[in-house]
Structures are given as structure tokens and as C-alpha cells.
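Structure, as C-alpha cells:
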Amino acid sequence: MIKVPFNPENFASEMKPKISGNNLSLEYFNIESSLYKVAVQIPKTISQALYNRLIDKFEAGNIQEHDKTAIDYLQRAMLHFTIYEHEVYLMLRISNDGITTKKNEDETTAFKYQTDMLNDNLITTAWFWMNQLIQYLNDHLYDFPEWKNSDQKKENDELPVNLTDFNKWVGVETTGGEYFMIYAGWIIREVWLDFVKSRFKEPVKTDAITRAVCYQVMGFACQRLAYSCLPSPIRRDIDNEMGKNHKAQADKDIREHVAGKFLQKAETYWKAVDLEIKKEAIAEQNKTAADKPALGRNNITEDDKFYYS
């Protein structure tokens, strides 16, 4: 059975302060399905072993301070992801009479731009708390061996480019970026193998290579990752295109358009890398040629017995 770090009995009173001031009744069983969905996704970033440990500590009670802090960050992240996932059900009423929206003298359905802003804020805040959790785990590795020894941390530490590189070249914010790095790790490794290792037997990380990698990864991420897993630069571009086209185009077409802008720049930067490789190859060829004696030249000196002055 899927487990979550929440008590249904006092859910509303305890969790409402952790939901960024949203005016929600927070009935646990109304959003349980979306909570479970998030509970399946979260261990992919922090490891199943660590998630199970925090659940066990939560259920046991009498929690130590370091576990209490980690659970608090986990709860806040999960709540914001859950409301994002559950938003459409909060907006609509499904009954035997069909699908309706709530509208009376005091309340009406929100405008699209308001729900778009809410969605972005929910994702951004969820990323913030996931980032806080990951940073806290990294700062307290001794207390969390499940994280220290996890495949997620090991693979993230071994990535050929890091969050600082993505912040420098494509504007991925360092606050919340760790979450993106873990989720996009498989894309980063794919790009490094297919685009860098194919060019260099022993690649040396340079600004030119790093910039090309970051743009290539962003383009692939736009095509392949779920919207909630995308960093804010991509989400903003997608939302802007949605606004301009008023959803006249399918979401897939808009994503391809946004991805194309990143991939086009990546292609330009890869061409620059290839040009440098070509220049270095020519320089090395010229150097080798200069070091070799010219063919056909008679290297005769005065010491040669057949030399005649």
C-alpha cells in the first residue's frame, strides 16, 4: 500500500499552514488520490529507501530533530505538488448531473491567467521545498545514510555538468535546480555520450562544450519531461507561446517549437566546437609536418667523403 507522511484525522489543521496561504478546506480524502500519485513520484528523486525511512519515523512519532526537519520539507513539497495535480478537480464538480463549476454571488471561476499563475507558483514552491530537502540531506549525510548511499545522489554527483553550469548558460535557478538535475540526469548523460564522447575520446570540459550541452539538454527536456519537471525558463517559454496562440496549437506542437529554439542554439554551439576541433587538427598536422625532414632533400655536409667544394 502507498504510504504518505500525513494523518487524515488532523490533516486540515496541521497542513493548512504549509500550503502557502491557500484558502483550502483540505479534506484529506478529497485529495488522497493525488497525494498517492505524488508519493510514487517523489522517491524517484530522493530514493525509496530514504522515503520509507521518513515515513517510518513519521508513523512512529517522537521524531528526532533532523528527521523532523526533513519530514517538514517533504510534506511542504508534496502538498504543493498535490494541489497542482489536483487543481482541475478543485475547479470542477463531477456528479450524476455532469461536470459543473462553482459560481454564485460570492464566488466565480478564476480567469485562465490566474490559474496559470497559480500553477507556476505551485510548481516553483514545490521545487523550492524539494531543493531545501536535498540541500538539508547533503548537509547532514551522517544522519541520512539512505541518501548518502543512494543511486540518485551518486549519479547526480557524477554528472559531467552541474547546476552552476545550467544557471550560467541557460538560467536554471540554483534555488530548486537540484530537483531538475536529478530528474534530467538521464538526459544529461545521454547528451554527454552522444554529443561529447562521440567527438572526444577523453573530453575536457570547456565553456564551449558546456554551453552546447546545456542547450541540448534543455531542448530534449522540453520534449520529454513532464511540465511540472521543467525548469522555469522552459515553463515560461511554453506559457508565452500558449498565450500567443490561445491554445490554437496542440501542446505537443508548442513544446516542439520551444524545444526547437534551444536545439537550434545548441546546433550553432556544436558547430563552433567542431570548428575548434578542426582548427586544432590542422594545427597539429602542420606541426607534425614541420617536424619531419623534407622528402627528396640531400642532406650532404662537408664531412661526407663524396663532398666536393
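Go through the range 45-73 and give me each residue that's farther than 18 Å from Phe128 by Cβ, among the aromatic types (Phe, Trp, Tyr) and touching a residue at least 24 places away in the same chain (Cβ under 8 Å).
So in the range 45-73, the residues farther than 18 Å from Phe128 by Cβ come out as 47-68.
From the residues that got through so far, the ones that are among the aromatic types (Phe, Trp, Tyr) too are 51, 58.
Phe58, the sole residue that qualifies.
In the range 29-64, how many residues are within 19 Å of the chain's Cα centre (by Cα) and closer than 18 Å to Tyr136 by Cβ?
5
Select from the range 10-26 the residues that are under 22 Å from Val40 (Cα atoms) and modelled with pLDDT of 85 or more and list them in ascending order.
Of everything in the range 10-26, those that are under 22 Å from Val40 (Cα atoms) and modelled with pLDDT of 85 or more turn out to be Phe11, Met15, Lys18.
For residues that are in contact with a helix residue (DSSP H, G or I) (Cβ under 7 Å, 6 or more places away or on another chain) and either part of a loop (DSSP other than H, G, I, E, B) or not hydrophobic (A, V, I, L, M, F, W, C) (or both), tally how many sit in the range 186-211.
The first filter runs over the range 186-211 and keeps only residues in contact with a helix residue (DSSP H, G or I) (Cβ under 7 Å, 6 or more places away or on another chain), leaving 187-188, 191-192, 195-196, 199, 203, 208-211.
Pick out the ones that are also either part of a loop (DSSP other than H, G, I, E, B) or not hydrophobic (A, V, I, L, M, F, W, C) (or both) and you get 199, 203, 210-211.
Matching residues across the range 186-211 total 4.
Kindly list the number of the only condition in (1) farther than 19 Å from Leu122 by Cβ; (2) at pLDDT 95 or above that fails for Asp72.
Checking Asp72 against (1) farther than 19 Å from Leu122 by Cβ; (2) at pLDDT 95 or above, the one that fails is (1).
Is there a residue being within 30 Å of Lys153 (Cα to Cα), part of a helix (DSSP H, G or I), free of Cβ contacts under 8 Å to residues at least 40 places away in the same chain and in contact with a Cys (Cβ under 8 Å, 6 or more places away or on another chain) anywhere in the range 224-231?
No; the residues of the range 224-231 include none that is within 30 Å of Lys153 (Cα to Cα), part of a helix (DSSP H, G or I), free of Cβ contacts under 8 Å to residues at least 40 places away in the same chain and in contact with a Cys (Cβ under 8 Å, 6 or more places away or on another chain).
Here's the yes/no breakdown for (1) among the hydrophobic types (A, V, I, L, M, F, W, C); (2) touching a Gly at 6+ places or on another chain (Cβ under 9 Å); (3) more than 18 Å from Leu79 (Cα to Cα); (4) outside the structural domain of Val213 (by TED's automatic domain parsing):
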{"position": "Thr124", "(1), (2), (3), (4)": "no, yes, no, yes"}
{"position": "Trp127", "(1), (2), (3), (4)": "yes, yes, no, yes"}
{"position": "Ile134", "(1), (2), (3), (4)": "yes, no, no, yes"}
{"position": "Leu137", "(1), (2), (3), (4)": "yes, no, yes, yes"}
{"position": "His140", "(1), (2), (3), (4)": "no, no, yes, yes"}
{"position": "Asp143", "(1), (2), (3), (4)": "no, no, yes, yes"}
{"position": "Leu163", "(1), (2), (3), (4)": "yes, yes, yes, no"}
{"position": "Phe166", "(1), (2), (3), (4)": "yes, yes, yes, no"}
{"position": "Gly177", "(1), (2), (3), (4)": "no, no, yes, no"}
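Given the criteria more than 17 Å from the chain's Cα centre (by Cα), at pLDDT below 95 and among the hydroxyl-bearing types (Ser, Thr, Tyr), does Ser150 qualify? Can you show your working first?
Working: more than 17 Å from the chain's Cα centre (by Cα): yes; at pLDDT below 95: no; among the hydroxyl-bearing types (Ser, Thr, Tyr): yes.
Criteria not met by Ser150.
Scan (1) farther than 24 Å from Leu159 by Cβ; (2) surrounded by 15 or more Cβ atoms within 10 Å (Cβ to Cβ) for the single condition Trp270 breaks and write down its number.
Exception for Trp270: condition (1).
All but one of (1) loosely packed, with under 15 Cβ neighbours inside 10 Å; (2) in a helix (DSSP H, G or I) hold for Leu118, so report the exception by its number.
Among (1) loosely packed, with under 15 Cβ neighbours inside 10 Å; (2) in a helix (DSSP H, G or I), Leu118 violates only (1).
Please determine, by comparing only the residues of the range 223-252 that are modelled with pLDDT of 85 or more and over 18 Å from Met117 (Cβ atoms), which one is surrounded by the fewest Cβ atoms within 10 Å (Cβ to Cβ).
For the range 223-252, the residue satisfying everything is Ala226.
Looking at the range 72-82, is at least one residue surrounded by fewer than 16 Cβ atoms within 10 Å (Cβ to Cβ) and not β-branched (Val, Ile, Thr)?
The answer is no; no qualifying residue exists.
Of the conditions (1) part of a helix (DSSP H, G or I); (2) at pLDDT 70 or above, Ile99 fails just one. Which one is it?
Result: Ile99 passes all but (1).
Filter the range 27-68 down to the residues that are of a type in the set (S, T, N, Q), in a helix (DSSP H, G or I) and surrounded by fewer than 17 Cβ atoms within 10 Å (Cβ to Cβ) and list them by number.
Asn30, Ser33, Gln41, Gln48, Asn52
Looking at the range 176-185, is at least one residue over 13 Å from the mean Cα position of the chain (by Cα) and outside any loop (DSSP other than H, G, I, E, B)?
Looking only at the range 176-185, we keep the residues that are over 13 Å from the mean Cα position of the chain (by Cα), and these are none.
No, the range 176-185 contains no residue that is over 13 Å from the mean Cα position of the chain (by Cα) and outside any loop (DSSP other than H, G, I, E, B).
Of everything in the range 146-167, what is under 26 Å from Asn52 (Cα atoms), in a helix (DSSP H, G or I) and of a type in the set (Asp, Glu)? Give them in sequence order.
Glu146, Asp151, Glu155, Asp157
The values are calculated or read from the model by the stated rules, or taken from the named source; none is laboratory data. If you're wondering where the values come from, they're calculated on a predicted model, not measured in any experiment. Cβ sites come from the backbone with ideal geometry, for glycine too, and all protein chains shown count toward neighbours.
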